Amino acid sequence: RLQQDVKIRWSSTKMIDSLVHCKRALQAYASDSNSNLPATYKGNQWSLLEKMVTVLKPFKELTAEVSTASATTADVIPSDQVLTRFLDSESEEHRGIHTMTATLLDAVHTRFDHVETEPLHSEATMLDPRYKDGFFPNATNLDQAKEALKVEVMKIEQELKTMASGEGVAEAEPESSTSSLGSYFDKILEETAVAGQSEQKITPGVRDNQACLPTLAATAAKFLSAPCTNVERERLFRAVSLIIDEHRSRLTPKDVEMLVFVKKNLPIMLGLQLKG
């Protein structure tokens with residue numbers, strides 16, 4: 001049936017897609033002399049709607065992907081590049097709606113213009129085994145991201161050494177370990193990206209490198225833990241409204257916090273135990 005207006009997370013893509021799917025039914029209803037519709041779509045207008053759905057669907061799909069619980073800040077730059085290349089491509093699907101695609105492309109550039117130079121996003125993308133340095137079209141931004149990540153890795157390496165020496169368990173390491181860190185990093189970037197699509201989890205790749213490259217694994221754990229949207233946070237807060245109702249009105253704030261904490265972290269802990 002036709003998509004009706006909603007107040008929360010309204011999507012024009014859903015509305016247009018529902019119109020296209022109901023095209024024949026709407027045309028049959030409009031052809032009825034008793035329908036008395038104030039306006040109807042003509043053939044070229046239906047064609048434009050179908051092309052609009054094709055252009056808007058990648059936005060819908062990427063929005064769903066970055067809204068998942070496993071999405072991180074590493075997904076931002078690749079998503080930006082995918083949208084840019086799609087909108088900038090010359091295809092038959094874009095014929096007749098070049099103004100729309102140009103406007104969307106300009107909006108994408110305006111909103112994501114800074115992400116390649118933002119350390120949180122660029123370093124997370126470089127550390128993600130699916131992406132690495134394959135989504136930086138600007139060579140200057142790529143070089144800056146590499147240098148910034150090397151500095152961050154060396155900083156964390158010093159912190160790990162300080163923590164180990166403070167606990168009295170530090171082991172002797174070759175003096176060239178810090179100086180050779182850059183070569184290790186370059187070697188990892190030259191490796192072929194991990195096969196798989198966006199549903200592949202990042203944690204196994206980090207765990208695999210933990211033994212041979214503990215510093216890089218610690219850096220990845222730091223940058224790949226931040227979500228790229230606030231959707232998961234909204235879901236977590238919405239869980240509070242499901243816990244507190246008229247039948248549980250005697251719950252204290254402390255008990256509610258504990259229940260929400262368990263709800264969020266118990267599946268993660270059980271998953272780690274199974275993998276361990």
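Please give the FRET efficiency for Gln45 paired with Thr68, using the beta carbon to beta carbon distance and R0 = 41 Å, rounded to the nearest 0.05. Intermediate values should be presented prior to the final figure.
Numbers: r = 35 Å, r/R0 = 0.86.
That pair, Gln45 with Thr68, gives E of 0.70.
For a footprinting-style exposure proxy, rank Glu157, Glu118, Glu257 by other Cβ within 10 Å, fewest first. Present the calculation step by step, with values, prior to reporting the outcome.
Numbers: Glu157 19, Glu118 16, Glu257 11.
By the 10 Å Cβ count, ascending: Glu257, Glu118, Glu157.
Give me a comma-separated list of calculated 3J(HN,Hα) values for segment 66-82, in order, Karplus coefficients 6.51, -1.76, 1.60 applied at θ = phi - 60°, integers in Hz, x for any Gly or Pro.
These are the phi-based 3J(HN,Hα) values: 6, 8, 6, 5, 8, 6, 10, 5, 5, 7, 5, 4, x, 5, 4, 5, 5 Hz.
Assuming 0.36 nm per residue, please report the length gained on full extension of the stretch Ala28 to Glu246 beyond their Cα-Cα distance.
Details: separation 218, 0.36 × 218 = 78.48 nm, distance 4.94 nm.
Stretched fully, the Ala28-Glu246 segment lengthens by 73.5 nm.
Under a point spin-label approximation (7 Å from Cα along Cα-to-Cβ), what is the Met100-Leu236 distance to one decimal in nm?
So the label points at Met100 and Leu236 sit 3.8 nm apart.
Express in whole angstrom the spacing between the alpha-carbon centres of segment 57-126 and segment 219-274.
Between the Cα centres of segment 57-126 and segment 219-274 lies a distance of 29 Å.
Between Lys263 and Met15, how high is the FRET efficiency from 1/(1 + (r/R0)^6) when r is the Cβ-Cβ distance and R₀ = 35 Å? Nearest 0.05. Can you show the working numbers first?
On the way: r = 34 Å, r/R0 = 0.96.
Efficiency for this residue pair is about 0.55.
Take the alpha carbon gyration tensor of segment 231-275, find the square roots of its eigenvalues, order them as a ≥ b ≥ c, and report rounded if a/c is under 1.5; if not, report prolate when a/b exceeds b/c, else oblate.
On the way: a/c = 3.08, a/b = 1.83, b/c = 1.68.
Because a/c hits 1.5 or more and a/b exceeds b/c, segment 231-275 counts as prolate.
Since every read-out is calculated from the coordinates, none of them should be taken as a lab result. On a predicted model such as this, the values are computed, not experimentally measured, just so you know. Don't worry about glycine lacking a Cβ; one is built from the backbone with ideal geometry, like all the others, and counts go over all protein chains shown.
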